[in-house]
Amino acid sequence: MSHAKLPAGLDRKEAEIYLGLNPDRLPKHIAIIMDGNGRWARRRHLPRIAGHRAGVAAVRSTVETAARIGIPALTLYAFSEENWKKRPRTEVNFLMRLLQRYLRQELPTLNRNNIRLEYIGRERELAPEVQERMQWAREATADNTGMVLTLALNYSARSELVDAFNSLVQAAARNGGIKHLQVDEDAISRHLYTRHLPDPDMVVRTSGEMRLSNFLLWQLAYAEIFVTETLWPDFRGSHLLGAIAEYQKRERRYGGLNDLAGEAGRVAER
Ligand code: FPP
């Protein structure tokens, strides 16, 4: 395993962890369930929204570090479809304003790091001004060729599957009729919101909960699951690198007895 050079911009702690990684076996796509903002705030006797505000610094650090070390795709679960119904209106409104501010303020950072922004979720159900800001940021980063940062907003994996099946049926109806409809795994993947992405190799969840919470249920079929007790507002690039170190320790089997070909490849790489 060789490190041609340390990526620019890593702090000392990040550099230390990075040097223990195999740069040839970085995950191609990392998905993160950002959780624990409320608990972070409660422990400090602050309102819940203070936790969300502090969560933005965690987003910034995680996104920059992932881009700097060359992760091709990062997907963040920012707002689930269920969040609408289960949280007070004031908190939902705050989250929407925070998102708009994040998109406006972070654009220079996204562009400096060559990051392209994408979204998954039922965008059209969001307020028009939120949609406009999202579209604006997507267009402003559309020519970037580095990491794809996908924000899951008003996202639900079951709704995504419902939308994919409807889209498959409609496409078949347009192309010669439903009797020609052939459904296989590739066809379903091509109709998911994530058609621009490979399936995640790893999913990270902060704050210790052991649930997928309706996130990328199809796409996470073979993903390594990494749960950390760290609350989201305390999460930084160094924690992401720690999760990648753990990922590299695990053996991926894809349902077989052993990933022999993969292991042989890895031995050859070392
Ligand atoms: C979960 O914490 C977090 C959220 C529902 C919102 C995520 C939002 C951010 C990290 C801030 C901004 C994000 C972007 C992309 C600008 P929780 O409130 O469920 O925490 P709890 O389980 O401790 O109550």
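The values are calculated or read from the model by the stated rules, or taken from the named source; none is laboratory data. Note that the structure is predicted; figures quoted are calculated from it, not measured. Don't worry about glycine lacking a Cβ; one is built from the backbone with ideal geometry, like all the others, and counts go over all protein chains shown.
Looking at Asn113, Asn144, which is the one that is within 25 Å of Gly70 (Cβ to Cβ), under 21 Å from the mean Cα position of the chain (by Cα) and away from the ligand (no atom under 16 Å from the Cβ)? Steps first, answer last, please.
Details: Asn113 fails: away from the ligand (no atom under 16 Å from the Cβ).
It is Asn144.
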What single numbered condition from (1) crowded, with 17+ Cβ neighbours inside 10 Å; (2) within 13 Å of the ligand (Cβ to nearest atom) fails to hold for Tyr18?
(2)
Restricting attention to helices (runs of 4 or more DSSP H) lying wholly within segment 159-270, give those where 3 or more residues are touching a Cys at 6+ places or on another chain (Cβ under 9 Å) and at pLDDT below 90.
none
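Return the only residue of Arg25, Arg48 being surrounded by fewer than 23 Cβ atoms within 10 Å (Cβ to Cβ) and within 14 Å of the ligand (Cβ to nearest atom). Before you say what the answer is, go through the steps one by one.
Numbers: Arg25 fails: within 14 Å of the ligand (Cβ to nearest atom).
One residue alone meets the criteria, Arg48.
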In segment 221-236, what residues are farther than 22 Å from Asn37 by Cβ and surrounded by fewer than 18 Cβ atoms within 10 Å (Cβ to Cβ)?
Ala221, Tyr222
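Basic (Lys, Arg), free of Cβ contacts under 8 Å to residues at least 40 places away in the same chain, more than 30 Å from Gln131 (Cβ to Cβ) and surrounded by fewer than 17 Cβ atoms within 10 Å (Cβ to Cβ): is that true of Arg42 in this structure? Quick ask: steps written out before the conclusion?
Numbers: basic (Lys, Arg): yes; free of Cβ contacts under 8 Å to residues at least 40 places away in the same chain: yes; more than 30 Å from Gln131 (Cβ to Cβ): yes; surrounded by fewer than 17 Cβ atoms within 10 Å (Cβ to Cβ): yes.
Against the criterion (basic (Lys, Arg), free of Cβ contacts under 8 Å to residues at least 40 places away in the same chain, more than 30 Å from Gln131 (Cβ to Cβ) and surrounded by fewer than 17 Cβ atoms within 10 Å (Cβ to Cβ)), Arg42 qualifies.
Return the only residue of Leu76, Leu103 being closer than 18 Å to Trp232 by Cβ, under 18 Å from the mean Cα position of the chain (by Cα), buried (at least 18 other Cβ atoms within 10 Å of the Cβ) and within 12 Å of the ligand (Cβ to nearest atom). First the steps, then the outcome.
Working: Leu103 fails: closer than 18 Å to Trp232 by Cβ.
The match here is Leu76.
Would you mind stating whether Gly9 is of a type outside the set (A, V, I, L, M, F, W, C), touching a residue at least 40 places away in the same chain (Cβ under 8 Å) and near the ligand (Cβ under 8 Å from one of its atoms)?
Details: of a type outside the set (A, V, I, L, M, F, W, C): yes; touching a residue at least 40 places away in the same chain (Cβ under 8 Å): yes; near the ligand (Cβ under 8 Å from one of its atoms): no.
Judged against the criteria, Gly9 is not a match.
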Residue pairs, Cβ under 6 Å, 6 or more apart or interchain, first in segment 188-201 and within 11 Å of Glu118 (Cα to Cα), second part of a loop (DSSP other than H, G, I, E, B). List them.
Thr194/Gln219
